1. If I ask for residues that are more than 12 Å from chain B (Cβ to nearest Cβ), over 21 Å from the mean Cα position of the chain (by Cα) and either assigned to a loop (DSSP other than H, G, I, E, B) or more than 9 Å from the ligand (Cβ to nearest atom) (or both), which ones from region A:34-50 would you list?
2. When the residues of region A:15-36 are narrowed to those that are free of Cβ contacts under 8 Å to residues at least 40 places away in the same chain and buried (at least 17 other Cβ atoms within 10 Å of the Cβ), which ends up farthest from A:G128 (Cα to Cα)?
3. If a residue must be β-branched (V, I, T) and within 14 Å of another protein chain (Cβ to nearest Cβ), how many such residues does region A:238-263 contain?
4. Of the residues that make up region B:80-90, is at least one in contact with a strand residue (DSSP E or B) (Cβ under 8 Å, 6 or more places away or on another chain), part of a helix (DSSP H, G or I), among the acidic types (D, E) and touching a residue at least 12 places away in the same chain (Cβ under 8 Å)?
5. Which condition does A:P220 not pass, out of (1) assigned to a loop (DSSP other than H, G, I, E, B); (2) free of Cβ contacts under 8 Å to residues at least 40 places away in the same chain; (3) within 23 Å of A:G93 (Cα to Cα), if it passes all the others?
6. Run down B:H291, B:H261, B:H246 and say which single residue is crowded, with 16+ Cβ neighbours inside 10 Å, over 17 Å from B:V321 (Cβ atoms) and in contact (Cβ under 8 Å) with a residue 12 or more places away in the chain.
7. With respect to B:S224, is the statement that it is more than 17 Å from B:T515 (Cβ to Cβ), touching a residue at least 40 places away in the same chain (Cβ under 8 Å), out of contact with any strand residue (DSSP E or B) (no Cβ under 9 Å at 6 or more places or on another chain) and hydroxyl-bearing (S, T, Y) true?
Amino acid sequence: MRAFEYTSPTTRQQAVELLAGSWDQSAVLAGGTDLLSLMKDDVVAPKRVVNIKDIRELHGVRFGPRGMQIGALTSLGELADHPLVRQHYPAFGDAVVEAASQQIRNMATLGGNICQRPRCWYFRSGFGLTPKTPEGKSLVEEGDNRYHAILGNDGAALFVSPSSIVPAMIAYGARIRIAGPKGAREVALEKFFVIPRTESEREHDLRPNEIVTDVFLPPPAAGRYAHYEVRQKESFDWPLVLAAVALQMNGNTVRSAKVVMGYVAPVPWVSEEAAQALVGKTVTEQTAQAAGEAAVSQAKPLSRNRYKVQLARVAVKRAILQAAQGKAEGGAA
Amino acid sequence: MAEYKWPAPAERTLIGKRISRVDGAVKVSGHAKYSYDYNPKGLLFGKVLRCPHAHARVTSIDTSAAEKMAGIKAVQIVQKPGTEVLWQGDDIVAVAAVDEPTAEDAIRAIQVKYEVLPHNVSDAEPPAGAGEGPAGPMTEDDLENALGNQVPDAQVISDLQKRGVTFQVTDDMTKELKGYGVSDAVINALKAAAYHPEAASQPRSPYQKMAAQTQGDPDKGFASAEVTSEGVYGAPVITHCCLETHGSAAEWPSSDHLLVHCSTQGVSGLPDQYAQALKIPAGNVRAHQDHIGGGFGSKFSPDRWGIATAQLSKSAGGKPVKYMLERDSELMTAGARPSAYARVKVAAKGDGTLVAWQSDSWGTGGPAGAGSPPLPYVFEIPNQRKQHTAVRTNQGPARAWRAPNHPQAAVITMCALDDLAHKLNMDPVEFFAKNLDMTGPRAPIYKEELPLAAELMGWKQKWHPRGDKSEGPIKRGVGLSMHTWGGRGHASNCLLSIHPDGSVDIKMGSQDLGTGTRTAILIVAADSLGIPMNAITLNIGDTMYPPDGGSGGSTTIGGVSSSTRRAALMALDQLFAKVAPALKAQPADLEARDGTVRVKSEPSRSLSWKQACAKLGAMPLSVTGKNPGPGNLINSGVGGVGMADVSVDTETGIVKVNKMVAVQDCGLVINLKTAESQCYGALIMGISYALYEEKVLDPVTGRMLNPNMEFYRLAGLRDIPELMVHMMTDPLNENRGVIGLGEPPVISPGAAISNAVANAIGVRVPFLPLTPDRVLAALEQQQKAGA
Ligand SMILES: Cc1cc2nc3c(=O)[nH]c(=O)nc-3n(C[C@H](O)[C@H](O)[C@H](O)COP(=O)(O)OP(=O)(O)OC[C@H]3O[C@@H](n4cnc5c(N)ncnc54)[C@H](O)[C@@H]3O)c2cc1C
């Protein structure tokens, strides 16, 4: 790891002031479970590290008229153990409990989970987010892309969005608050993730001198929620593909649906096609299957990841069926 | 004179019982010190600049900026300009600094220029005809491969005569070959072979086809068969992934004396290797190791980085320098198990009797190609034709991996046989049982083990013809495999002293790989001397103690248990001679039991152990028990059976193991508990390589893409199912003496799991690891074939 300056502000204001206007100058340190690996592997080398863990107000969970407000520094472990989280937001709770390992959940923060960098093995070897061969071709396309994107992969970015928790949050309609030099702004979590077109762009809508301060999960509308992960190993591993769904019902038929897939695209992938396939239908094996098909109808697998199309199809189907069976029935309202 | 044999069953108080390992408490409490934990005051930190290219020539190295940096104490060029580097991560320059970040900064300040050369990291099937045609002069590799693969002498001689050699034949070389048992005829042909130095530098094909081997009459065999099965099978390159990475701390107590704390499987073997590289007398090298965090066959050498560590220390005025590999370097460079694949044709009569085998195998062991797996494995099928092609790649160098070549041979053979059983419409247990007479000397043990394993697995209830026909996407199946291994004890010296105060100590240059070697030595000594294990002080892991063999090839238990037994019996002989007068008996009439020395026929005539030892007078008695030595205490050759029960999600291709069974013999078991632990560990390691492990190399850059423990997956606790282990401990086995166990139980799991998956889903997934993409691809093929 390269030498760096270490700072520990106690307010958001101070934190934002300590952050510089460019990514190579400074970095936010939360739980450090990702930032430290990135620095050790020399993928990033910030000159100043701004530890935000001493900012008290960014810790903890509160319930209010806007639903659940989670401070960005709340650890995944705290969320996993919080009785009301799983009661009111069961699919989100499931996602948190299944993420990483107990040790990592103890350190990792929700803000860090949202802002963590892609696990693409070319990115982590220092080839960047849009790696190229010496001839200027896509290194991912020419190389080993077994874990890469099957959707949203028309451009140069072929990595997959790394969080296994974010898709469930998007299904619940999460918004995040961001503090910057000009004050606070709020964005829908779904809109926070962007597909970089060039090496100079990032995978989030975050400026180098901004920090994520809070996450809001709106009061859960009476509905049915589920989260389904396809994992090769049962512990200490990343999902190969996942799906999170939210179904608003009209009696037995689906009034509206949100289907979000993880690990299929450079961003958490919200599938309108899958939602459309469900609206107005009762959930059966057949309709769930059809929604799964719809979810991957636009998929364009690379040379080695065709199997992920099948995994995505199945994850969507199973998440829908689980939601319908009330396995993760949610909504206090 | 003592009779050198194991105590009779009724006289054993410790041997064969379940005894907890003596180093358990220090290990779980974190008090055990590994080489990694050696942190003396003033320690300097080593780092190595590694080549980022899979194949390159070093053209220039400039270390001047690094040398000027504050805190840098030494810089050592490991591979000079001009060197051809054959894998990513190979060592180029090493530095030592006052702390790790400074060492890293220095590495970044070093300028190395490379001429990047074309790489090949693919071990895909060689194209037809590859490696054939007029073969050029033989290289040392060619010769080693021919000898290592038991190519008949006549063929080697004719090759030498026809082709000549690219290397100079020295007396040292011929002596060494003779030492390996190479015949005089071959050595004479080698000496007479024409020398073609120019051929050594010519570009060579990556494919090295070995001579075809034929046995019986394969054509006739296949013609006479009623059922023939063909398939392709294999396992990729995997790494050892030791949890404690390779490395050492080195210091020079004086200008020509070296002390190393090295993570190693062979303490006694280190001094000579350091001495050769550093040009000092081997007697001036001391190596020490208390505990090791895994080796699996990859830790016998100080390695380039270890020699560099010693050189750095020397340049830094002898101060201790520690360099342990980073996780990525460990996975890239510190050992890879060769891949092996084969196209197999195997045939049987209608009743299941095997008649013919044919295999075209290939695989890579990195730059040197690889040895070929012993095919067909376990079963001596009467008619065989087989040919192996070694593929030279820039995958990184191969190292022995727990039972070298056997797990690959098991995958290829046992999966092919399982496919044949399916074609025969036979239950694999019956089919394997039918052919057990082809397994040679191990046949009787397999005949006992196979039904036992089937019973423990619940095979009869679980087995069904291929393809679980039950509803839903989850399919369940069972599979089996068999294996064999040698495991004769290595050379060992046990220096045992009994002191006049009754204390006993043992000194051995051996090492405890985590297998329970310490515990085994103490069990044997205590059971032999009739005193408790904790009354004996055991010192191992240092070259100050008598030399002992390296812990590889499952040779340690046989070595240390027999040398210790001999030492204890010799010591008792001498003690009894001193004690006999006091008990008014003949030495031969005495025994040491329950903390006393007593008259066998009249146990009440006794002295306590302490009183007895007081008769020694002023001086302790010291003896050295050896292996090999008198008496038949050890043996070689084991057989084992592995079975797996799996569930496969046919929609996602995810495989879960529900249960594993290992039935294993290893002669006389010294410690049942640690013997079973070896099998548990082997089953877990087996699940890992069956389902997850693969050294992934990027075709474009030639780099390893998963040099971490995130995408180089190992089974975690939740991936480990019910494991059932049964050790064969009947008198017939015990009477054979002690045989090694470290390796055999890891051989079968891969094949057994692959067979279980085939049984579950009705189609073979040809290659390990059985990842979702491969399982889904096999299912898709099956569907296409069915449609
Ligand atoms: C073995 C392993 C398995 C894992 N498995 C999973 C899994 O299954 N699912 C999953 O979702 N994740 C998984 N993770 C990732 C883990 O969840 C993340 O590393 C963690 O959530 C990051 O949180 P942190 O607080 O440690 O972030 P840090 O490491 O401190 O920061 C991560 C990144 O986000 C930035 N950052 C952090 N907080 C903020 C903020 N408030 N505002 C702006 N920027 C910020 C940092 O600058 C840095 O770039 C795994 C990690 C490991 C090592």
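1. Of everything in region A:34-50, those that are more than 12 Å from chain B (Cβ to nearest Cβ), over 21 Å from the mean Cα position of the chain (by Cα) and either assigned to a loop (DSSP other than H, G, I, E, B) or more than 9 Å from the ligand (Cβ to nearest atom) (or both) turn out to be A:P46, A:K47, A:R48.
2. So in region A:15-36, the residues free of Cβ contacts under 8 Å to residues at least 40 places away in the same chain come out as A:18, A:24, A:27, A:29, A:36.
Now restrict to residues that are buried (at least 17 other Cβ atoms within 10 Å of the Cβ): A:18, A:27, A:29.
On the way: A:L18: 26, A:A27: 17, A:L29: 21 Å.
This residue is A:L18.
3. Here is the first cut: in region A:238-263, the ones β-branched (V, I, T) are A:241, A:245, A:253-254, A:259-260.
Retained after the next criterion (residues that are within 14 Å of another protein chain (Cβ to nearest Cβ)): A:241.
Residues that pass the stated criteria total 1.
4. Step one: filter region B:80-90 for residues in contact with a strand residue (DSSP E or B) (Cβ under 8 Å, 6 or more places away or on another chain), giving B:80-90.
Now drop any that are not part of a helix (DSSP H, G or I), which leaves none.
Taking every residue of region B:80-90 in turn, none turns out to be in contact with a strand residue (DSSP E or B) (Cβ under 8 Å, 6 or more places away or on another chain), part of a helix (DSSP H, G or I), among the acidic types (D, E) and touching a residue at least 12 places away in the same chain (Cβ under 8 Å).
5. For A:P220, the exception is condition (2).
6. Values: B:H261 fails: over 17 Å from B:V321 (Cβ atoms); B:H246 fails: over 17 Å from B:V321 (Cβ atoms).
Checking each option against the conditions leaves just B:H291.
7. Working: more than 17 Å from B:T515 (Cβ to Cβ): yes; touching a residue at least 40 places away in the same chain (Cβ under 8 Å): yes; out of contact with any strand residue (DSSP E or B) (no Cβ under 9 Å at 6 or more places or on another chain): no; hydroxyl-bearing (S, T, Y): yes.
For B:S224, the condition - more than 17 Å from B:T515 (Cβ to Cβ), touching a residue at least 40 places away in the same chain (Cβ under 8 Å), out of contact with any strand residue (DSSP E or B) (no Cβ under 9 Å at 6 or more places or on another chain) and hydroxyl-bearing (S, T, Y) - is not met.
Conditions tested, residue by residue: (1) crowded, with 24+ Cβ neighbours inside 10 Å; (2) within 18 Å of the chain's Cα centre (by Cα).
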{"position": "B:Y323", "(1), (2)": "yes, no"}
{"position": "B:R337", "(1), (2)": "yes, yes"}
{"position": "B:Y341", "(1), (2)": "yes, no"}
{"position": "B:G352", "(1), (2)": "no, no"}
{"position": "B:D360", "(1), (2)": "no, no"}
{"position": "B:G365", "(1), (2)": "yes, yes"}
{"position": "B:P374", "(1), (2)": "no, yes"}
{"position": "B:Y377", "(1), (2)": "yes, yes"}
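The values are calculated or read from the model by the stated rules, or taken from the named source; none is laboratory data. Everything numeric in this text was worked out from a predicted model, so none of it was measured. Cβ coordinates were reconstructed from backbone atoms using ideal geometry, including for glycine residues, and neighbour counts include every protein chain displayed.
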